[in-house]
Every structure is written in structure tokens, then in C-alpha cells.
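The values are calculated or read from the model by the stated rules, or taken from the named source; none is laboratory data. Quick caveat, the model's predicted, so the values are computed rather than measured. We place every Cβ from the backbone using ideal geometry, glycine too, and count neighbours over all the protein chains shown.
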Amino acid sequence: MPNSVWTADYLVPYLLPRVLLLLFSVLILSRILVARRRRLFIRRIPGLTAVDEAVGRATEMGRPITFSLGLGALDIITLQALAIAIHVIRTSIRFGNRVILTMADSTLYAVADEAVRDAYTAEGRPESYQVEDVRFLSDRQFAYASAMVGVISRERVASNFMFGTFYAESLILAEAANQVGAIQVAGTPTTTQIPFFIAACDYTIIGDEYYAATAYLTREPVLTGSLVGQDYSKMILLVTAVLGLLFFTAWHAVTRQPVFSDLAHVQQSPVKMGTDADGKPRLSVPQQVEKWFKEGSK
Amino acid sequence: MFNFAQLNGGQVLLYSAVSILACLVILAVLHFVPRQGKKYLIVGLTFLAGLVYVVDFFWPVMPGAEGHWLTEKTEIIGQALQVIAGFTFLLGIYNLVHIHFNNVRRTRPNWGFSVIFFVFFVLMTVAAFWREWYVWFGPAAAQLTAGHLPPEFILDRNTLEPGLRTQLNLPPAPANFDPRYANDLYSYLFYGLYVNLEATMFSILAFYIVSAAYRAFRIRSAEAALMMITAIILMAGQVPLGMALTNAIDPQGPMSGLRIENFSYWVLSVVNMPVQRAIDFGLGIGALAMALRIWLSLERGTYFGEEA
């Protein structure tokens, strides 16, 4: 192996993420082993406690529940959403209620259909399974949204769950369910859509609560152990970030270098203090209006 | 590797038939495997498929190199998912047809929409398949003539590739030609109808944002008040009327950071950004844990029945 491999340019961006990933994986797996021997504590998450409340409300009202798996394909995010959906479906089966599960990916449909069938069998009610309760609507974003809005409106659902990958259609779905008076629980790792869900839904699962959901709902040792392992990993990241900040500040204090000289990307931000995009000083509004009039008159 | 452009219609049909037959044989064999055997098969295949990506990620890439011995093979393995997706697409279509057929058969409320679904499903399928039919079932590309092309109302000749147009002795397309305005059935249905319907759905979002924001900004707690104040600062920082509020502050002076446009930028980049990153870190580690559980088949209940 040539000596040039062992330079900081190679080691830091290439090896460090891999070492951290290995460390986190070992931590998560070790916690899973611990959880198989003793019960681990999970704090209360209001959004997830509301899952049973939403199912109960739908049962009392005698109206169905909709569960949207979003636009995601067969990936980690959507598989987690499906795991939550199966919990909701199993709870609903016990109460004799109906859950309409919708998705925008046909590959996912095949898996979801099988998982829902298994859920009905596991609850001892295989005859209650209906093919029409697992629906592939469309693989196009707004075709899926309009079909889902149609399902929500026609069925006048009592509860609406939205878990998975969502984009601009998130608010359309949430507002449609709000219009029929449905209680809504939503969760997505798509951070740009979280504000829309917070604004429109009764309960929103934020950030890594999304991946904590199945552990919280089922309390299975493998899942709770994995959750505790995630928390340890986050602690390591937090300590690394704080140490990095302290080291960065101390280094610049000792070497007497200006702190922000290294942060060139901050200087290149689109909006600079008191200047417009061309780097010229910003005009006041009256000055701007005057400029428009002058340019218009030319 | 197959080059479909060099195959004629008969060869494409033969390859397709052999592939489908092979898949059916594999499916039939799997059908007779006992349930426990199927479980071990799934666990083994999941582990092997995941192992490829794990080795691909951890195997060292020398400085300056694009990849290692496994990089190219990983891409080929990834294409298997597209093949599976092709099969499952039929399942999706079956599900749609089943639901809408029952709506019509039982004349459920709004069954007319299901009739519209069937009309456009058939129209779109015919328009798209007929348009491409000569590519898959015509002669090899080198022997293609204008006589093999579908009628003009199915395939606007202006949409053909320049090389193919020369080969078929067709006049060049107009310089300002846009495929969205092609004069054939597919373009009418897709660009003329569907894309506009999609834009209509998207535009509804503007009204929903207002109604959702109205509900969210009702001050019911300290957190809601903080959110509303922050939102007002950010919105004011984006519009001239908001910027006019702090025009008195010199843009070049020491207090320029208090100008509303600068302050809102500070809120976004200094206050908001670390929170976003913290959420992303949590999500990343959550995804890692989920991936580990699926790779090692540790998930119970959801995908493997009650017992893992």
C-alpha cells in the first residue's frame, strides 16, 4: 500500500465515517443482546400514544381508518412505515374495524398485501381480509394525492395515518382528512414536510421518533434494544460535535487565526449582510421604487 | 450483454418467453418449498444481498481510484430490483382493475369515476404501446423503414431522433419543435390532459397552506407563540414591505445584522440549521438500526410472522 494512503485527506473523509458506522452497528447489536435479558425503559412519546386513541375513536364512530405509506418505494423508510401500519391494522382487527392502506409503489404493494394478510391470520380473522383494503393508487405524485383525497372524502374516515416519504402532497392529504374531521397522526423523515404535518395534523412524529415507533408500540426486546443502541450512538455524535467545537475554537485561539477564515462557504451564502445578490448595498424600498420608475421610463 | 437495438422482433419475443418461463419454473419450485424452508431461503437471500452492499461500502478504495472490484457488479445487482418491479407492476394494475371493476359491477356511489378510469386506462395503454410497438416488435433498427412506423395520429414523426429521421428519409423537425406539443394521441393524453390535471392538484396547495397556517398560528401555548413570532420574522424578511420596517438601519453599519432580512437569514442559518442537522443525525442512525435489523432478519412479527 503506498504511503500516500495514510494522509489526513484520505483518512478523515474516507475512514472516519466507516469507523463510526462500524462502532454504531456494534453498539446497536450489543444493546439488542442486552434487551433480550432485561427490560429497557422508553420515554413516553405523545404522538405514538395517540395511535391507539385514533384507532379507538374510529371504532366508536363506526368509520374506517386510512393509512398512507406515502410515495416511497421498497426502502428502509417505507418498511418502517409498513411496520407501524401493521400494528395499527392488528389493533383495528381486534376492534373489528377497517383500515384502508394506500401506497404509490407496486413493488411495495406486493409486500404490503402479504403483510396485511399475515396480520389478519395472526389475529385469527383471515376471513375478514378484503383485497380492496390494500390499494395501489398510482405511482405519480399528484395522481396518488387526488386518489387518496377521493378515498378520504368518500369513506369519510374517522382517523388518518400518514407515515413514510412525503413531498408536496403531504398537506393536500392532511387538509382533506381535516375537512372530514378525522384525527390525524403523521410521521416522516422528510424534514421539509414536517412543518406541514405539524400545522395540519393532531400529532406529528418528529425525527428519530419515526424509527422508535415500532419499539414503542410493540415493546419487543429486539426493537427496544435497537432503540437504546441508537441513543448511545447519538450521544457519541453529540460528544464528538461538542469536542470538535471546543477543539476548533481552542486551536484558533492558540494560533491566533480568525475563526471565520476557514468558513468560506458561509461567506459565499446567497444573502450577505446588507447587500443584494450582486454584492451591491441594498436599496431602501422608496429608493427601489424610484429605480424601477427610472428604468421603466428609459 | 444483450443489445436490444440489434435484435429483431422474433428474437425479442423468444428471449422474453424464455425469461418468463424460467421465472415461472422458479416460482413453481418455490411454491412447493415448505414454509420453514421459505423462511430460511428469505433470511439467506436477504443476508447475501445485504452483504454485497456492506462489502462494497467497507472495501477500501485507493486514493484517486473510482471504485474497487465490486463497484460495477453492485450496479448490476441493483438492476434486479427493476426486474422485480416490472413483475409487481402487473400486481398493481390487477389491484386497480379489481377495485374499479367491483365499483362498476356493484354500482357503488360514484361508480362513474371507475368507468372514466377504464376508458383512460385503455386509451393510454393503446396510445403508449402502439407508439413504441415498432421498436420492440418491428425489424432490427438497421432494416427499419417508414412503412413500419405507426400512423401519424399515434406517432408524430417530429418526435423521432434526428439519426432515425435521416435513415427513414423524413424531413427535419421544425427548429422550435417541443415534444410536449407533438400532434399525437399520447401527447394529447399525457401533456395535454394529465400534466394539467397534476398542475391543478398542485395549485390547490396554495389554499391549503393558508388554512393550515391559520390553524397552526393560533396562539395556544408558549411554543405556538414562539413559532408564530419566528414565522413573522421569516416572512417579513422575504417581502419588501417587511424589509421597509428596518430600512432606517444602515446596511453597511455595525447594526446591519438587525435589519429584518439579515436577522431572518441568521434565524434560518444559525438557529434552524443545527436543529435540522440534529434531526438528520437521529434519522440516519434510526435508518442504520432498521437496516441492520432487516439485514440480519431480527425483525419479528411484521415480515416473518410471529416467530423470527
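Among the residues that make up the stretch A:182-202, is at least one of them facing chain B (nearest Cβ under 9 Å) and touching a Pro at 6+ places or on another chain (Cβ under 7 Å)? So far as the stretch A:182-202 goes, no, none of its residues is facing chain B (nearest Cβ under 9 Å) and touching a Pro at 6+ places or on another chain (Cβ under 7 Å).
Within the stretch A:48-77, no residue satisfies the criterion of being within 14 Å of A:Y211 (Cβ to Cβ) and at pLDDT 95 or above. Taking residues in the stretch B:124-143 that are small (G, A, S), and partners anywhere that are in a helix (DSSP H, G or I) and surrounded by 14 or more Cβ atoms within 10 Å (Cβ to Cβ), the pairs with Cβ atoms closer than 7 Å and at least 6 places apart or on different chains are B:A127/B:L185; B:A127/B:Y186; B:A127/B:L189; B:A128/B:Y186; B:G138/B:G9; B:G138/B:H148. Checking each residue of the stretch B:12-27 against the condition of being over 30 Å from B:S114 (Cβ atoms), surrounded by 14 or more Cβ atoms within 10 Å (Cβ to Cβ), away from every other protein chain (no Cβ under 14 Å) and at pLDDT below 90 gives at least one match. Among the conditions (1) surrounded by 13 or more Cβ atoms within 10 Å (Cβ to Cβ); (2) without any contact (Cβ under 8 Å) to a residue 60 or more places away in the chain; (3) among the hydroxyl-bearing types (S, T, Y), the only one that B:T46 does not satisfy is (2). Residues of the stretch B:157-187 that are assigned to a helix (DSSP H, G or I), farther than 21 Å from B:T125 by Cα and of a type in the set (A, V, I, L, M, F, W, C): B:L164 alone. Does A:V151 qualify as being at the interface with chain B (Cβ under 8 Å from one of its Cβ atoms) and among the hydrophobic types (A, V, I, L, M, F, W, C)? Spelling it out, it is not the case that A:V151 is at the interface with chain B (Cβ under 8 Å from one of its Cβ atoms) and among the hydrophobic types (A, V, I, L, M, F, W, C). Exactly one residue out of B:N158, B:N169, B:N176, B:N183 is of a type in the set (S, T, N, Q), loosely packed, with under 15 Cβ neighbours inside 10 Å, within 29 Å of the chain's Cα centre (by Cα) and farther than 15 Å from B:Y134 by Cα: that is B:N183. Quick check on my filter: what residues within the stretch A:18-55 are in contact with a strand residue (DSSP E or B) (Cβ under 9 Å, 6 or more places away or on another chain) and not charged (D, E, K, R)? The answer is A:I45, A:P46, A:G47, A:L48, A:T49, A:A50, A:V51, A:A54, A:V55.
Looking at the structure I just gave you, is B:A212 surrounded by 15 or more Cβ atoms within 10 Å (Cβ to Cβ) and assigned to a helix (DSSP H, G or I)? Considered against the rule, which asks whether it is surrounded by 15 or more Cβ atoms within 10 Å (Cβ to Cβ) and assigned to a helix (DSSP H, G or I), B:A212 comes out as yes.
When you check B:Y40 against the structure, is it free of Cβ contacts under 8 Å to residues at least 12 places away in the same chain, assigned to a helix (DSSP H, G or I), surrounded by 10 or more Cβ atoms within 10 Å (Cβ to Cβ) and of a type in the set (S, T, Y), yes or no? So B:Y40 fits the description; yes. Of the residues that make up the stretch A:217-233, is at least one in contact (Cβ under 8 Å) with a residue 12 or more places away in the chain and not in a helix (DSSP H, G or I)? For the stretch A:217-233, residues in contact (Cβ under 8 Å) with a residue 12 or more places away in the chain and not in a helix (DSSP H, G or I): present. Among the numbered conditions (1) within 12 Å of another protein chain (Cβ to nearest Cβ); (2) within 30 Å of A:Q184 (Cβ to Cβ), the only one that A:V26 does not meet is (2).
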